Amino acid sequence: MAGHSQFKNIMHRKGAQDAKRAKQFAKVLREITVAVRSGLPEAASNPRLRAALSMAREVNMPKDNVERAIKKASGTAGGDDYVEVRYEGYGPAGVAIIVEGLTDNRNRTAGEVRAAFSKHGGSMGETNSVSFMFQRLGAISYPLDVASEDEMLEAAIEAGADNAVTTEQGHEVTCEMENFFAVRDALEARFGEPQSSKLDWRPENSVTLDEDKARSVMKLIDVLEDNDDVQAVYANFDIPDDVAEALAA
């Protein structure tokens with residue numbers, strides 16, 4: 001998603017890395033907890049846990065933190081019970097936004113997300129009010145040096161994927177949501193651990209933003225992502241390079 005990835009790059013350049021890393025760790029730990037409690041504590045027999053561990057590696061989470069989280073989640077002492085939630089709505093400039101979260105209090109999270117939309121020029125809608133404008137798919141990424149473009153495409157097709165695209169940033173394989181774990185495991189058996197593997201929402205069409213609108217949209221997404229209960233935010237905006245540079249200045 002062009003807009004969302006550009007937004008991420010801008011945010012990284014803006015600094016505050018330690019605080020952001022702490023937030024990332026907390027979100028990954030929550031996902032590990034849910035993954036363990038929804039299956040088994042062994043990654044080999046728990047596809048969701050394997051995906052969570054991949055997230056942990058992406059944010060460079062220490063192995064000790066991961067092992068403690070798995071042990072705690074698989075214990076009998078109880079702990080926080082999280083449920084999956086999804087909110088949808090529109091931000092400034094009519095940008096469609098999907099918010100995914102894990103919460104132990106639905107009312108609190110819904111109220112906070114609704115308030116964020118309202119305060120920052122948007123409005124929260126009903127479930128499925130904007131998701132029809134997105135594709136739900138699996139996305140698996142590898143660095144360029146693991147294979148040639150043809151090799152990756154061939155492997156992706158054999159694994160049951162829909163497409164493989166190679167750019168200067170690397171290879172990205174996409175597949176239907178239902179095939180995600182099978183495709184990822186087949187690619188991992190051939191090329192090793194992927195750089196990134198996740199279920200994603202990809203917009204069918206994007207809204208191009210000028211600088212003022214981009215600032216407003218990014219402020220809303222920043223507030224949403226800063227919420228402890230929010231795991232991921234997806235949006236259908238696109239920021240031209242010159243606007244992105246102006247925002248990062």
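Data for the structure
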read-out: Evaluation of T166 against (1) within 25 Å of V85 (Cα to Cα); (2) of a type in the set (S, T, N, Q); (3) at pLDDT 95 or above (one fails), failing number; value: (1)
read-out: Members of segment 35-53 that are open to solvent by less than 20 Å² (accessible area, probe 1.4 Å) and within 18 Å of L102 (Cα to Cα); value: A35, V36, L49, A51, A52
read-out: Residues located in segment 132-157, provided they are within 24 Å of R48 (Cβ to Cβ) and either open to solvent by less than 50 Å² (accessible area, probe 1.4 Å) or out of contact with any strand residue (DSSP E or B) (no Cβ under 7 Å at 6 or more places or on another chain) (or both); value: F134, L137, G138, A139, I140, S141, Y142, A155, A156
read-out: The listed residue being within 20 Å of R50 (Cβ to Cβ), open to solvent by less than 60 Å² (accessible area, probe 1.4 Å), not aromatic (F, W, Y) and not in a helix (DSSP H, G or I), out of D185, D200; value: D200
read-out: Close pairs (6 angstrom Cβ cut-off, 6 or more residues apart or separate chains): closer than 23 Å to Y142 by Cα and part of a loop (DSSP other than H, G, I, E, B) in segment 57-73, open to solvent by 60 Å² or more (accessible area, probe 1.4 Å) and not hydrophobic (A, V, I, L, M, F, W, C) anywhere; value: V59/Q24
read-out: Hits in segment 125-139 - residues which are farther than 30 Å from S196 by Cα and not in a loop (DSSP other than H, G, I, E, B); value: G125
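The values are calculated or read from the model by the stated rules, or taken from the named source; none is laboratory data. Treat the numbers as computed from the prediction; the structure is a model and nothing was measured. Every residue, glycine as well, gets a Cβ built from its backbone with ideal geometry; the counts of neighbours run over all protein chains shown. Protein only, heavy atoms only, side chains kept; ligands, DNA and RNA dropped before computing areas. Shrake-Rupley method; radii C 1.70, N 1.55, O 1.52, S 1.80 Å.
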